[in-house]
Amino acid sequence: MKFLHLLLTCVVIAALAPATASAQQPCSDTPPPTNECAPGIPLPSGSFNATPLIDGTGQSYLDPDNNKVSLYGAYGNTESTGAALTHYTQGTTLAQSADLTPRCTDGSIPPQNQNCNIGGVSKPPALIFLFIGFSNCDIEVCGGNSDIWDNQDPYQTHLAGQPCATVCPNLNSQNTMIPWNHVYTHGDDGIDQLSFLRQVYPDLTPTHWLVGPHLVVFNGALGQATLEKWDPTPIGYYAHHNDCHYNSTTTSQEECNFLRVRSQLSANGYSEKQVQAVFIKSSNSYPQCDLKGQYCATPPPSEPPIPIPDAYLAETYLGDILRYLKCCTLDVNGNSTGVPRYPNLKLVFVTSRIYGGYAQNPAPDNAAGCLNPEPFAYEEGFAVQRLIVAQIDRTTTDHAGDVRYPESAPWVDWGPYLWASGETPSNNGLFWCDGASDQTCRGKHDFRFGDLDPGYSAYWGDHTHPTADAAEKVANQLVKFIKGQLPQPQTSTWEWVRYWIGD
């Protein structure tokens, strides 16, 4: 019977694959390829290894620009001396200031222990910690409401535990619905996705929450929202592509993702004036050149002969995003209105990707393994590091631009560092698995692996997006982040976040 099953499987695949699976993507967050892979990419699965920035000692990355392997470049892994200490002190002062406090939707601060009364409607004030980014961030923070290839595989309704990035319900100001996603499309898949919001808000009872009742963790990340799609400047995606679903005659399409977030906040009873901290986790899509110049595509004749490394492109996008977060929204012609998007924003945290060394191209006509593989996922850490160091040094750089605080950008620092070298644990305990049966991984899959049960490839996984297991690992780090429980060398840097746990 087993052999009959395999024979029938092959027949079904042969019949179905050309018309369905081979021409489709497993989720809408896995876009059709827009570029060819950089030469030599993706690398053999699990072959890329490097020292996590958090484990580095400031040694050179051995690239032409001599980037330093540490969280803060020449400052090492903590902000304990000189200009780095000054920067850290600025952040702790902001975190404990009276301005960082729950507000009403009009931005006002109500009397202590009282609700807001806006237009005759009574609502509790809120301090919103907004997460923005792409599919990985969406899955890790909120989970997904469907799995990859839902109800398309002829042998399984669900490829359980492999969620797609989908719109997040988020916390409602009236606490009338769960704020996180679980799979319900084509029935429950039986997996409890322990995403960040799932852990912060386990139910609708505020006394059970990990944060005070007025701290609202809100997810604005969504599939395909890569860094260029958050950059509202002329180099950003929407300045050149008229496919924003949130555009109107009175707003600029360059701000597409921010308009979407505004709509989500409003639908849940909140406003942009309550956003006081932002967390960014995103990346470039289909990177084309690494820092060492080992995997670089030949640029077209109209572009410079030496490609800009994607880490520096990411740094540029992040600098643009920071300046936009400082000021200001755009009018219909793309000109500044002089009005900040988030007028009460105080703190921004940025982090880089998880490991991308298992990425695969599962079919000849697919480039899923080129979404953001190694070494690009690792090197994005340098983009974040360089952005923060530029603010520490108060310098205007070739890539980040002017991100001085408070003149040009909000205060910015690392969120939890999430990259680890495959199965090798970093000093924060993270490691990443892709089905190895050894004692470290024990068969666990941290990345979408598709349908392995019948042994065929029509319903593939990209080995890039996180599974529910990987999302839980990231969520655990975020929980430690807001509790001030991250291990050294991070503890001293972020222990003040405990302030947010109170009322």
**Fill in**
Phi-derived 3J(HN,Hα) across the range 457-468 with the Karplus relation (6.51, -1.76, 1.60, θ = phi - 60°), rounded Hz, x for Gly and Pro, is 10, 5, 10, 8, x, 7, 6, 10, 6, x, 7, 4
**Request:** Hey, for a label at T51 modelled as a point 7 Å past Cα toward Cβ, could you say which residues of the range 426-454 have their backbone N under 16 Å away?
**Result:** 426-428
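Tell me the volume per residue, in Å³, of the convex hull enclosing the alpha carbons of the range 298-455.
196
Please report the equivalent ellipsoid semi-axes of the range 222-262, computed as sqrt(5 x eigenvalue) of the Cα gyration tensor, largest first, in whole Å. Intermediate results must be reported in sequence, preceding the final value.
Working: eigenvalues 39, 30, 14 Å².
Semi-axis lengths for the range 222-262 are 14, 12, 8 Å.
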**Item:** Exposure of T424 as accessible area (Å², to 10), given a probe of 1.4 Å and all protein chains
**Value:** 80
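Let me know the whole percent of all Cα-Cα pairs from the range 64-170 that are separated by more than 25 Å. Before the final figure, lay out the partial values.
Numbers: 3423 of 5671 pairs.
Every Cα pair in the range 64-170 considered, those over 25 Å come to 60 percent.
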**Request:** Might you work out the accessible area of F376 for me, using a 1.4 Å probe with all protein chains in place, and round it to the nearest 10 Å²?
**Result:** 10
**Request:** Using +1 at the Cβ of each Lys and Arg and -1 at the Cβ of each Asp and Glu in the range 224-266, identify which of S263, C244, A225 lies farthest towards the dipole's positive end.
**Result:** S263
**Prompt:** Residue by residue through the range 191-202, which ³J(HN,Hα) values in whole Hz follow from phi under the Karplus form 6.51 cos²θ - 1.76 cosθ + 1.60 (θ = phi - 60°), with glycine and proline marked x?
**Reply:** 9, 8, 6, 8, 5, 4, 5, 4, 7, 6, 10, x
**Request:** Give the Rg (one decimal place) followed by the Dmax (whole number) of the range 253-318, computed from C-alpha coordinates and expressed in Å.
**Result:** 17.6, 51
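Please compute the contact order of the range 108-221 in relative form: average sequence separation of alpha-carbon pairs under 8 Å and at least six residues apart, divided by the residue count, as a percent. Spell out each step's value before the answer.
Details: 204 pairs, mean separation 35.6, N = 114.
So the answer I get is 31 percent.
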**Asked** Quick one: length gained pulling S266 to N333 fully straight, 0.36 nm per residue minus the C-alpha distance?
**Response** 21.7 nm
**the range 98-149 versus the range 429-481: alpha-carbon centroid distance in Å** = 30
**Message:** What is the ratio of the Cα radius of gyration of the range 159-288 to 2.2 N^0.38 Å, with N the residue count, to two decimals?
**Reply:** 1.18
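Report the rotationally averaged projected area of the chain based on its alpha-carbon convex hull, in square nanometres.
Numbers: hull surface 98.4 nm².
Its average projected convex-hull area is 24.6 nm².
When each pair of different Cα atoms in the range 230-347 is counted once in the 1/r mean, what is the Kirkwood radius in angstroms, to one decimal? If you can, show how the numbers build up before the last one.
Numbers: mean 1/r = 0.0628 Å⁻¹.
Hydrodynamic radius (Kirkwood, Cα only) of the range 230-347 equals 15.9 Å.
Would you work out the charge dipole size for the chain about its Cα centre, treating the Cβ of every Lys and Arg as +1 and the Cβ of every Asp and Glu as -1, and quote it to the nearest 20 debye? Show your work: numbers first, answer last.
Numbers: 26 positive and 49 negative charges, 246 e Å.
With Lys and Arg at +1 and Asp and Glu at -1, about 1180 debye.
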**Asked** Taking only Cα atoms, what is the 0 to 90° angle, nearest 10, from helix 256-267's long axis to the longest principal axis of the chain?
**Response** 70
**Prompt:** Can you list residues whose amide H is under 5 Å from F279's amide H, if they're 5+ apart or on another chain and H is modeled 1.01 Å from N?
**Reply:** L130, F131, I132, F349
**Message:** Please report Rg (one decimal) and Dmax (integer) in Å for the Cα set of the range 393-487.
**Reply:** 18.6, 59
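The values are calculated or read from the model by the stated rules, or taken from the named source; none is laboratory data. Values in this document were obtained by computation on a predicted structure and should not be read as measured data. Because the Cβ atoms are built from the backbone with ideal geometry, glycine has one as well, and the counts that use them run over all protein chains shown. These accessible areas exclude ligands, DNA and RNA; they are computed on the full protein's heavy atoms, side chains included. Shrake-Rupley method; radii C 1.70, N 1.55, O 1.52, S 1.80 Å.
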